[in-house]
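Here is the structure we will look at, set down as structure tokens.
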Amino acid sequence: RKLPVLGFCLGIVAFSSIGLPGLNGFPGEVLSIMGMFATNRLYAILGLTGIILGAWYTLWLVQRTFFGRLREPVAERHGHGEHAAPADLNFREMAALAPILVLIFWIGLYPDYFTSRMQPSVDHVVKTLSRAHPAAVAAREKAVDQIAVNTEQRPSAVASKD
């Protein structure tokens, strides 16, 4: 109510943290959960529980911070001097937050730009770890195949409806 620009920015960051589609938290959550379901459903259920609890407390924070009951500071002397009334973000603060907000949307809308650059490093880590844990290779290949099947089925299902 009193700080609309700050509230908007915190809302975007909170929705990003929750994993709202189109924001940067979504691709990571989806890929993690899909990989967990392909290898161990218990871990996937625990991960989904964590996502739900995280969404709950993040929305609770936003609600209490920006939409809750307004509590004015106590006017009694408390030894710290006078405090200025809170003000919304100034231009310098908005300029500092703007690149972060742009990245939140860019990563959420175009995750392949970032994940394709990480793929060689991820493959190297998997290859290194697979020497110690051969079962990890089989689980990864199964997960990659399952994700590929799910991705390939989606466009054909949409095309058959037309």
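We did not get these values from a lab; they are worked out from the coordinates using the rules stated. Just so you know, these numbers come straight off a predicted model, no measurement behind them. Cβ: placed from backbone, ideal geometry, glycine included. Neighbour counts: every protein chain shown.
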| task | List the residues whose amide H sits under 5 Å from the amide H of Leu89, counting only those 5 or more places along or on another chain, with H placed 1.01 Å from N in the peptide plane. | result | Val5, Leu6
| request: For Ala55 paired with Asn40, estimate the spin-label separation in nm (one decimal), with each label point 7 Å from Cα along the Cα-to-Cβ line. | output: 2.4
| request: Pull out a ≥ b ≥ c, the square roots of the eigenvalues of the alpha-carbon gyration tensor of the stretch 1-58, then state rounded if a/c is under 1.5, prolate if not and a/b is larger than b/c, and oblate in the remaining case. | output: oblate
